[in-house]
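No lab work stands behind these numbers, since they all come straight from the coordinates. Worth saying up front: this structure is predicted, and the values here are computed from it rather than measured. Glycine gets a Cβ as well: all are built from the backbone with ideal geometry, and neighbour counts include every protein chain shown.
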Amino acid sequence: MAAITRTEIIIQALTCASLAGLLAAVGLRLTFSEVALALRRCPLLVILFLNFIVVPALTFGVAAVFEVSRESTIAMILLGAAPFAPVVPVFVRLAKGALALAAALAGAVFPLLSAAITPFVVRGALQLLGHSIAVRFEMWSTLGLLACTICLPLGAGVFLRHYLAGVASRLLRPLEICSEAMGLTSLAFVTWTKFEAIIQLGWRAWLAMALVSELSLIFGWQLGGRERGARQVVAIGTSNRNIALALLIAIQSFHGTGIASAVVGNGLLLIALGLLHVAWWRFGPVPKSI
């Protein structure tokens, strides 16, 4: 496998630093008891089945119906198999949803399970497509990366809030500002470096990914439980896939192809749709259903 380029290293560094800061800031708003209680009350098995089985199957079917290109199909599969983006707690906070549940799912449950389950889902989907491609996935290093950039920062924030509430209060806003600025920088850098490849995806790929996202949002809302805040969490988490994890697999397994760019392009679309959903829930009328 060819060496990872300097651009890809910069993208990974900016993304990881931004996510770590954002999740630490989310943790500064929560206590251990709030996170544990939210996790106990949610329909966890249903959420896991939805994200690791239903959404990947939906992604596979939509890609086949729209007859998108091979590289775009693989990129969609990588995203479909990588649930609950780390940015979900940030989106949920902005949408005024159940932040503790978002932190529990996106910051602890899904990063750990994805490191073990996502590669098998990707391999199965590629076999169904007839692609005899060896998916290279360094599970332990990826698990360590997910833990360091997602679980540990979130846990550190919760720890400070629980034991040093005054310190947590003083750190919260500066950390949010720095992390959001770094996130915008990362997003702008990715868009700039991958722009030409992104615009070559074509309308079929964009429409197919948008359809997957919207259907996933509806499924998440319907299966997310009884409380509106919890349903928002599952809807936002199910429709916003873990772009960083999908991109990591793309770089490890498909280096030198356009798959990484397709992941980025589809990922940017998911972010844009996610922000629209956040705006609707934050500023729109309170809906009884989606």
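For A165, what is the net charge nearby, where nearby means another residue's Cβ is under 14 Å from its Cβ and Lys, Arg count +1, Asp, Glu -1? Surrounding charge for A165 is +2. Computed extension length for V65-L268: 70.9 nm, one decimal, from 0.36 nm per residue of separation with the Cα-Cα distance subtracted.
All alpha carbon pair distances within segment 6-281 were sorted into 5 Å bins beginning at 0; the resulting P(r) in whole percents reads 1, 6, 14, 18, 20, 18, 13, 6, 3, 1, 0, 0. Relative to the dominant Cα principal axis of the chain, helix 152-163 is inclined by about 10°. Look at the alpha carbon pairs under 8 Å that are at least 6 residues apart: their mean separation over the length of the chain gives a relative contact order of 34 percent. Taking label positions 7 Å along the Cα-Cβ direction at both A36 and L128, the computed distance is 3.9 nm, reported to one decimal. The Cβ shell under 14 Å around A102 holds other residues with a net charge of +4, Lys and Arg each +1, Asp and Glu each -1. Helix 165-199 and the longest principal axis of the Cα set of the chain meet at an angle near 10°.
Between the Cα long axis of helix 70-80 and the first principal axis of the chain there is an angle of about 20°, rounded to the nearest 10. With each label modelled as a point 7 angstrom along the Cα→C-beta vector, the L275-L45 pair spans 4.0 nm. Entry note, the chain: the mean residue ellipticity at 222 nm calculated from DSSP H runs of n ≥ 4, each adding -39500 (n - 2.57), is -24500 deg cm²/dmol after division by the residues and rounding to the nearest 500. Where the alpha-carbon atoms of segment 154-212 are placed on the principal axes, they occupy 51, 25, 14 Å, in descending order. Separation of segment 22-49 and segment 95-130, taken as the distance between their Cα centroids, equals 15 angstrom. Label separation (S169 vs L211): 5.2 nm, computed from points 7 Å beyond Cα along the C-beta direction.
Along the chain, the exposed loop sites are trypsin sites (Lys or Arg not before Pro) outside DSSP states H, G, I, E and B with at most 14 other Cβ atoms within 10 Å, and the longest stretch free of them is 1-95. Length, then width, then depth: along the principal axes, the Cα atoms of segment 12-110 run 46, 34, 21 Å.
If the chain linking A147 and F283 were pulled fully straight, counting 0.36 nm for each residue of separation and taking away their Cα-Cα distance, it would gain 45.6 nm.
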